[in-house]
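So the structure is just underneath, and the comments pick up after that.
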Amino acid sequence: MPAAHAQAQIFGPGVQRQANAVLSLMSYSVVPDLASSSLSIKSAQTDNPGIVMSQLGGGFTMSKTFPLYLEGSIAYSRYDPTFVSTDGADSRRLPTRWNTFAGTVGIGWDFPLTDDKELVIRPILNASLGNVSSDLKLATAVVQHVTDRDINFLNGGTLNAYGLGGALMLDWEHYRPEHDIDIELRYTSIHLQSFGGSAPAVQGSVTSQTANLYARWRAPTGVIALDRPLRYVLELSHSHYFGAQAGVLGFNYLTTLGAGLELDTTAHEVYVTRVRAVVRYVFGNNVSGVSLGLAASF
C-alpha cells in the first residue's frame, strides 16, 4: 500500500498514558494544598509539556459550641502535550491543550483534645468532581487523515471524573493579642474514577494521597492601619505526595516559605474582616519558584 494512503498513527507521549497523567494531575487539584495551589512548569521537550495549575479554596468551623467544619475548593489546570502523527512517509506535530476544571467539598467535625479547645482532631469527608477537555490545535484537513481511535479524545474529547475520600487533620489555633499561631497536620486520600466522556479509549482511575504540614505566625508590626494593628505574617508549609501524584511532575514533595502583611478591617463595616498578601518561595525535587498569594477572612 502506498505511504500516502496508509493509516496515520500517533506517536510521542502515548494518549492513554498521558490521559492517565492528566487524571493524576487532577488529583493535585482536588486536594486542598497550599504548596500546589499556584504552580507553573514549562519545558520545550515533548515528554515534559507545559503545565499550569491554580486553586482557590478555604475552610472554617462554625463555632466552638457547634464545631461543624466545612471546606471547599475550585481548581483549574492546563496541560499542553505534543503528539506526532505519521503515515510512514510524512510526520506532523499535533500540539494539544488539555484543560481541567475540578471542585472539592468537605464536611467534618472538630473533636477537642484540650480543655481550651485550641487543639482539635478533625475527620473530614470529601467529594470531588472534575472534567478534562482536549483541544487539538490543528487544521481539520490534517485531523481527517488521522484515523487512529486516540484522535477521538485529542480532537475535542472530554473525560469526567468523580472522587470520594476523606482526610484527618490535627489543628492547633493559639490566638493571643501579642501573636497568633496556627499549626495544621493533615492527611488526605481521595479516589478519582472516570465516567462518561466522549472517548472510551481513555478511561481510568487514580488515588490521590497527600500529607501536609502548615504553620503560620502572625504578630503586630507596631503600625496602625484602618484603626487596627497591621500585622506581619510568616508561613511554612510542606506537602508530601503519595499514590498517583508521586513523581508525576518530577517531584514528590513541595515546601513553601512565606512572608507578608495582614490588614484588619474589623473597625469598619465591611464584609471582609482580614486581608493578607504573602510572597512565597516554593521548592522541591528539581523545581523552585516564587508566588504571590492573596487571602481574605470573613
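The values are calculated or read from the model by the stated rules, or taken from the named source; none is laboratory data. Just so it is clear, the model here is predicted, and its values are computed rather than measured. Note that each Cβ is placed from the backbone with ideal geometry, even for glycine, and that neighbours are counted across all protein chains shown.
Yes or no, residue by residue, for (1) modelled with pLDDT of 85 or more; (2) within 19 Å of Ser27 (Cα to Cα); (3) in contact with a Leu (Cβ under 8 Å, 6 or more places away or on another chain); (4) surrounded by 20 or more Cβ atoms within 10 Å (Cβ to Cβ):
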| site | (1), (2), (3), (4) |
| --- | --- |
| Ile124 | yes, yes, yes, yes |
| Asn131 | yes, yes, yes, no |
| Ser134 | no, yes, yes, yes |
| Asn152 | no, no, no, no |
| Gly157 | no, no, no, yes |
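Residue-wise test of (1) within 26 Å of Asp171 (Cβ to Cβ); (2) in a strand (DSSP E or B).
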{"residue": "Pro220", "(1), (2)": "yes, yes"}
{"residue": "His238", "(1), (2)": "yes, yes"}
{"residue": "His268", "(1), (2)": "no, no"}
{"residue": "Val275", "(1), (2)": "yes, yes"}
{"residue": "Val279", "(1), (2)": "yes, yes"}
{"residue": "Gly289", "(1), (2)": "no, yes"}
{"residue": "Ala295", "(1), (2)": "yes, yes"}
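Select from the stretch 247-276 the residues that are without any contact (Cβ under 8 Å) to a residue 24 or more places away in the chain and surrounded by fewer than 14 Cβ atoms within 10 Å (Cβ to Cβ) and write down the one among them that is farthest from Gln209 (Cα to Cα).
Pass one, the stretch 247-276, residues without any contact (Cβ under 8 Å) to a residue 24 or more places away in the chain: 247, 269-270, 274-275.
Adding the requirement that they be surrounded by fewer than 14 Cβ atoms within 10 Å (Cβ to Cβ) leaves 247, 269-270.
Values: Gly247: 12, Glu269: 41, Val270: 38 Å.
Only one residue tops the list, namely Glu269.
Condition test on Ala244, is it crowded, with 16+ Cβ neighbours inside 10 Å, within 22 Å of the chain's Cα centre (by Cα) and at pLDDT 90 or above?
No: the conditions fail for Ala244.
Listed residues Leu39, Leu70; which is closer than 25 Å to Ala127 by Cβ and modelled with pLDDT of 75 or more?
Leu70
Could you identify the single residue in Tyr214, Tyr232 that is surrounded by fewer than 20 Cβ atoms within 10 Å (Cβ to Cβ), assigned to a strand (DSSP E or B) and hydroxyl-bearing (Ser, Thr, Tyr)?
Just a single option satisfies the conditions, and that option is Tyr232.
Would you tally the residues in the stretch 212-244 being touching a residue at least 12 places away in the same chain (Cβ under 8 Å), at positive phi and not aliphatic (A, V, I, L, M)?
Matching residues across the stretch 212-244 total 2.
Does Thr96 satisfy the condition of being at pLDDT 95 or above, outside any loop (DSSP other than H, G, I, E, B) and of a type outside the set (Lys, Arg)?
No.
For the stretch 55-79, name all the residues that are over 17 Å from Val248 (Cα atoms) and small (Gly, Ala, Ser).
Gly57, Gly58, Gly59, Ser63, Gly72, Ser73, Ala75, listed by residue number.
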